[in-house]
Amino acid sequence: MTEEPPVEAGAAQGEAPTEEARIMMRLEVHLASPSHGMVFREGPKPRRERGHVPRVARLLALAHHFQAMLAQGVFGSQTELAQVAGLTRARITQITNLLFLAPEIQEEILFLPRVTRGRDSVTERDLREVLKTLMWSEQRARWAAIRQA
């Protein structure tokens, strides 16, 4: 026993559907390029943020990444990490020293606005001035002075 296709509203069997039976849909799509090829995605194309993440924010994130790898035993020492990363031991130390910043300062650095033109507002050299003391209260005062400048 074979089933017959359903008859659309307003059309007799064997006839083309009437104008009233047609449905039109509009769907906004954009062309995306994920790693597995070109695809259509629903909705408008997302806007890409302008500018770049400040260098000190990237370095601080890298310092946390280095610390996690050392804590997990991925690398036995900073010397081994330096060899694999292609950096000197001194540079690894400079980067990991950023972890001695007060937590509030680290948070501010990680959430600095993107730089859309000109130079970064805070440099690594500025942070070295803050790191000359390990007292968080003194660091906060030095940080406030840098942020005002």
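Just one of the listed residues (68, 63, 82) is closer than 27 Å to residue 97 by Cβ and either in contact (Cβ under 8 Å) with a residue 12 or more places away in the chain or exposed (fewer than 10 other Cβ atoms within 10 Å of the Cβ) (or both), and it is 63.
A single member of 42, 49 is farther than 30 Å from residue 141 by Cβ and in contact (Cβ under 8 Å) with a residue 40 or more places away in the chain, and it is 49. For first residues located in the stretch 86-113 and among the charged types (D, E, K, R), partners that are buried (at least 17 other Cβ atoms within 10 Å of the Cβ) and in a helix (DSSP H, G or I) and lie 6+ apart or on another chain with Cβ distances below 8 Å form the pairs 89/78; 89/82; 91/82; 108/143. Within the stretch 105-144, restricting attention to residues that are among the polar types (S, T, N, Q) and closer than 13 Å to residue 59 by Cβ, the residue that is modelled with the highest pLDDT is 106.
Of the residues making up the stretch 20-40, none is modelled with pLDDT of 95 or more, small (Gly, Ala, Ser) and out of contact with any helix residue (DSSP H, G or I) (no Cβ under 8 Å at 6 or more places or on another chain).
Among the conditions (1) exposed (fewer than 15 other Cβ atoms within 10 Å of the Cβ); (2) at pLDDT 95 or above; (3) part of a helix (DSSP H, G or I), residue 147 misses just one, which is (2).
Listed by position, the helices (runs of 4 or more DSSP H) inside the stretch 52-131 whose residues that are over 21 Å from the mean Cα position of the chain (by Cα) number at least 2 are 55-71, 78-85, 89-96, 124-130. Residues of the stretch 20-60 that are under 30 Å from residue 146 (Cα atoms) and surrounded by 12 or more Cβ atoms within 10 Å (Cβ to Cβ): 52, 53, 54, 55, 56, 57, 58, 59, 60.
The values are calculated or read from the model by the stated rules, or taken from the named source; none is laboratory data. Predicted model only: the values in this text are computed from it and were never measured. All Cβ positions, even for glycine, are placed from backbone atoms using ideal geometry, and neighbour counts span all protein chains on display.
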